[in-house]
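Participant: Structure below; questions to follow.
The values are calculated or read from the model by the stated rules, or taken from the named source; none is laboratory data. Quick caveat: nothing in here was measured; it's all calculated off a predicted structure. Cβ placement follows ideal geometry from the backbone for every residue including glycine, while neighbour counts extend to all protein chains displayed.
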């Protein structure tokens with residue numbers, strides 16, 4: 001990563017369930033240095049304390065003892081470091097700035113941002129970390145209505161009017177893929193897989209969107225396809241991924257996508273982002289991509305400026 005000249009004004013942290021990312025940043029939001037590890041909330045709550053993990057990474061970068069820290073993600077969960085509650089939607093993403101919670105018992109000023117909650121009893125939902133991506137993506141989204149998709153272990157689909165989050169829904173697509181590929185009878189079909197057959201992926205996406213009511217049948221057909229057709233492991237992996245992503249898109253279609261005629265905002269990074277882009281292309285759905293890393297850093301920088309450098313906003 002390119003280094004920027006300047007003095008570190010704060011540290012920004014995206015603390016997920018299984019990952020930890022920290023950046024030293026200037027007041028303007030330029031990145032000076034970064035640290036990444038697998039010390040997510042799961043490891044922190046299993047033995048190592050959150051404070052110990054954070055201090056080790058700050059020390060490795062030579063950060064001063066008085067450098068403030070802004071955090072988003074699962075560190076603010078009930079089972080995390082310090083609970084940082086939820087802001088109820090409809091709400092502007094900027095509303096999370098007012099809900100930042102200071103971690104008690106720490107000499108350093110450490111703040112954790114709250115998540116967002118959809119408190120509709122018929123469709124209750126929560127998010128942590130993605131709200132900060134939305135905050136950072138506002139400049140790219142512009143005015144008008146938006147439908148944003150944020151793929152991940154638990155993918156989020158967010159409907160917005162202007163900059164206001166109206167509602168959102170979560171799909172456990174990534175977690176289901178992991179469970180089915182490792183702990184179900186489909187694991188036998190994926191043994192030896194080293195890649196993914198993209199034509200099989202595209203076909204699986206289209207079939208799942210067309211026939212979402214056959215979800216479990218489509219999944220079993222992956223195993224049957226191997227037994228009866230001799231489908232290879234790469235084809236089976238593609239069919240599993242395409243089926244699950246297609247079912248997710250079909251679910252989002254039922255409550256938001258069909259009513260939305262504009263371009264979908266895909267806030268993504270890495271290989272998973274490529275798969276969602278491929279799926280939307282196969283379905284002829286227009287979309288733009290916004291880098292998730294850039295969005296979360298910008299969101300954290302906006303929060304830091306609001307808390308400690310208000311004159312810079």
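Participant: Scan the range 226-234 and tell me whether some residue there is touching a residue at least 40 places away in the same chain (Cβ under 8 Å) and either outside any helix (DSSP H, G or I) or crowded, with 19+ Cβ neighbours inside 10 Å (or both).
Facilitator: Taking every residue of the range 226-234 in turn, at least one turns out to be touching a residue at least 40 places away in the same chain (Cβ under 8 Å) and either outside any helix (DSSP H, G or I) or crowded, with 19+ Cβ neighbours inside 10 Å (or both).
Participant: Let me ask you something else. Looking at this structure, is residue 309 touching a strand residue (DSSP E or B) at 6+ places or on another chain (Cβ under 8 Å), surrounded by fewer than 17 Cβ atoms within 10 Å (Cβ to Cβ), over 19 Å from residue 176 (Cα atoms) and in contact (Cβ under 8 Å) with a residue 24 or more places away in the chain?
Facilitator: no
Participant: Hey, among the residues in the range 18-40 that are touching a helix residue (DSSP H, G or I) at 6+ places or on another chain (Cβ under 8 Å) and surrounded by fewer than 17 Cβ atoms within 10 Å (Cβ to Cβ), which one's nearest to residue 56 (Cα to Cα)?
Facilitator: 37
Participant: Just need a number here: residues in the range 150-175 that are part of a strand (DSSP E or B) and within 24 Å of residue 244 (Cβ to Cβ). Break it down stepwise before answering.
Facilitator: Step one: list which residues in the range 150-175 are part of a strand (DSSP E or B), which gives 150, 155-161, 164-171.
Pick out the ones that are also within 24 Å of residue 244 (Cβ to Cβ) and you get 150, 155-159, 167-171.
Summing the residues that are part of a strand (DSSP E or B) and within 24 Å of residue 244 (Cβ to Cβ) in the range 150-175 gives 11.
Participant: Quick test for you: out of 161, 100, 148, pick the one residue that is out of contact with any helix residue (DSSP H, G or I) (no Cβ under 6 Å at 6 or more places or on another chain) and farther than 30 Å from residue 260 by Cα.
Facilitator: 100 is the lone residue from the list that is out of contact with any helix residue (DSSP H, G or I) (no Cβ under 6 Å at 6 or more places or on another chain) and farther than 30 Å from residue 260 by Cα.
Participant: Test residue 180 against the criterion of being outside any loop (DSSP other than H, G, I, E, B) and under 19 Å from the mean Cα position of the chain (by Cα), and give yes or no.
Facilitator: For residue 180, the condition - outside any loop (DSSP other than H, G, I, E, B) and under 19 Å from the mean Cα position of the chain (by Cα) - is not met.
Participant: Picking from 221, 250, 215, which residue would you name as being free of Cβ contacts under 8 Å to residues at least 24 places away in the same chain, over 18 Å from the mean Cα position of the chain (by Cα) and part of a helix (DSSP H, G or I)? Please lay out each step first, then the result.
Facilitator: Working: 250 fails: free of Cβ contacts under 8 Å to residues at least 24 places away in the same chain; 215 fails: free of Cβ contacts under 8 Å to residues at least 24 places away in the same chain.
Unique residue meeting the criteria: 221.
Participant: Another one. So which residues in the range 12-48 are over 20 Å from the mean Cα position of the chain (by Cα) and either in contact (Cβ under 8 Å) with a residue 24 or more places away in the chain or over 17 Å from residue 77 (Cα atoms) (or both), if there are any at all?
Facilitator: The initial filter retains those residues of the range 12-48 that are over 20 Å from the mean Cα position of the chain (by Cα), namely 24-33, 45-48.
Scanning the range 12-48 gives 24, 25, 26, 27, 28, 29, 30, 31, 32, 33, 45.
Participant: While we're looking at this one, here's another question. Which residue pairs have Cβ atoms closer than 7 Å, lie 6 or more positions apart in sequence or on different chains, and pair a first residue in the range 271-287 that is in a loop (DSSP other than H, G, I, E, B) with a second residue that is surrounded by fewer than 18 Cβ atoms within 10 Å (Cβ to Cβ) and at pLDDT below 95?
Facilitator: Listed pairs, sorted by first residue: 286/263.
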